[in-house]
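Structure in structure tokens, see below.
The values are calculated or read from the model by the stated rules, or taken from the named source; none is laboratory data. Quick caveat: nothing in here was measured; it's all calculated off a predicted structure. When we count neighbours, we look across all protein chains shown, and the Cβ atoms used for this are built from the backbone with ideal geometry, even at glycine. Please note that ligands, DNA and RNA were not included when accessible areas were found on the heavy atoms of the full protein model with its side chains. Shrake-Rupley method; radii C 1.70, N 1.55, O 1.52, S 1.80 Å.
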Amino acid sequence: MAHEIEKFTDGTAAFVSANESAWHKLGTVTTGAMTAEEAMRLASLSDWNVRLLPLTATELTDDGATPLEVPEHFATARTHPKTRRTQTLGVVGSDYHPVQNEEHAELLNHLVDESGAHFETAGSLRNGRQVFLTMKMPQTLTIGGNDDVDLYIAAFNSHDGGSAFRLVVTPIRVVCANTMRAALNNARSSFVVRHTAGAKAKIAQARSALGLTFQYAEEFEKAAQRMIEAEMTLSELKSVVDELWPVKDSDHARAKTNQRVRWGAVSNLFENADTQAGIRGTRWAGYNALTEYANHVAPARGGSADAKADARAERVISGSVSGLMEKAFALTTV
């Protein structure tokens, strides 16, 4: 799986990162925090003017070509950030309403004054079909006195009808750079807005929902602290692994072999990995062993070592294992 960052013919890429380069080495790296305007400009996200165009089909007959209107369907299109030509992105229904990148950034920009957060990354994926902006919150959570966790807010939007506008709160453990998403009681980790006529109003409502970010951070820290104070045995961890990746007696031999290899990798991380130093033998260490395995160790598609490394990195930034990690958190927390 490739990184899918949009690349242009002039050699630039639609990606910007504050202070440090991303794994794919594309785009612009700034020397400090970014404003919304800087993030949009440096990631080539400005002035797309995403819009709907009538959708037609052409029927070829003996009498020639006959254009036919496709009712209740439209093509989404943007003005290409480099060529300024119209580029189609997807096909949507009549109830679809575009959310501009500027509206996307405006939502997050409210956090700058309210919380001290700053823009961390921004970019375009799949040739403009999806965009993302992330902000880093000013506080760092400290678990067990020595395990630091940064908190990010990531906003994703699609312009091809593939997904809703989505706002996600994501804590990232600094030591091993794992992405972690957890479903916590009484804390909202995501906010979803469909592309309908009321989308703008609901995005405005999301501003108040962002206030729950601080509650989320507090609840996450409390839950993690309980986990770091609770012991976890290998047999308890094995039970969690078996529930996350169930294998039946009737399954093929390959599935059972994969199960043994998986458990060997997870148990080794739990007992021996440097990333578990200071938290070894706890339920927090068990959860982090599962996170590290899912994001960095689990088999990845690709023929070459570079392709496999890219696929693993893509898992981290895309959150494709987030559902699994939410279940892992629920099974390991106390």
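Apply 1/(1 + (r/R0)^6) to the Cβ-Cβ distance of Val247 and Arg166, taking R0 = 22 Å, and write down the FRET efficiency to the nearest 0.05.
In this case the efficiency is close to 0.10.
Based on alpha-carbon positions alone, could you give the equivalent ellipsoid semi-axes of the stretch 46-103 from the gyration tensor, as √(5λ), descending, whole Å?
For the stretch 46-103, the semi-axes come out at 28, 15, 5 Å.
Could you go through the stretch 238-249 in sequence order and give the Karplus-derived ³J(HN,Hα) for each residue, using 6.51 cos²θ - 1.76 cosθ + 1.60 with θ = phi - 60°, rounded to whole Hz, and x for Gly and Pro?
3J(HN,Hα) across the stretch 238-249, in whole Hz: 4, 5, 5, 4, 5, 7, 6, 10, x, 10, 8, 4.
A further question follows. Please give, to one decimal in nm, the separation of the simple spin-label points placed at Leu53 and Glu326, each 7 Å out from Cα toward the Cβ.
Reported label-point gap for Leu53 and Glu326 is 3.6 nm.
With the alpha-carbon atoms as the only input, what is the per residue convex hull volume for the stretch 214-283 in Å³?
That works out to 107 Å³ per residue.
Subtract the Cα-Cα distance of Glu106 and Thr86 from 0.36 nm times their separation in residues, and report this length gain in nm to one decimal.
Using 0.36 nm per residue and subtracting the Cα-Cα distance, I get 4.8 nm.
With a 10 Å radius around each residue's Cβ, average the other Cβ atoms per peptide and rank 57-66, 159-168, highest first.
Listed from highest to lowest mean packing, they are 159-168, 57-66.
Please work out the average accessible area per residue across the stretch 50-98, using the 1.4 Å probe convention, and give it in Å².
Averaged over the residues of the stretch 50-98, the accessible area is 66 Å².
Want the number for Ala277 to Ala255: 0.36 nm per residue separation, take away the alpha-carbon distance, what's left?
4.8 nm
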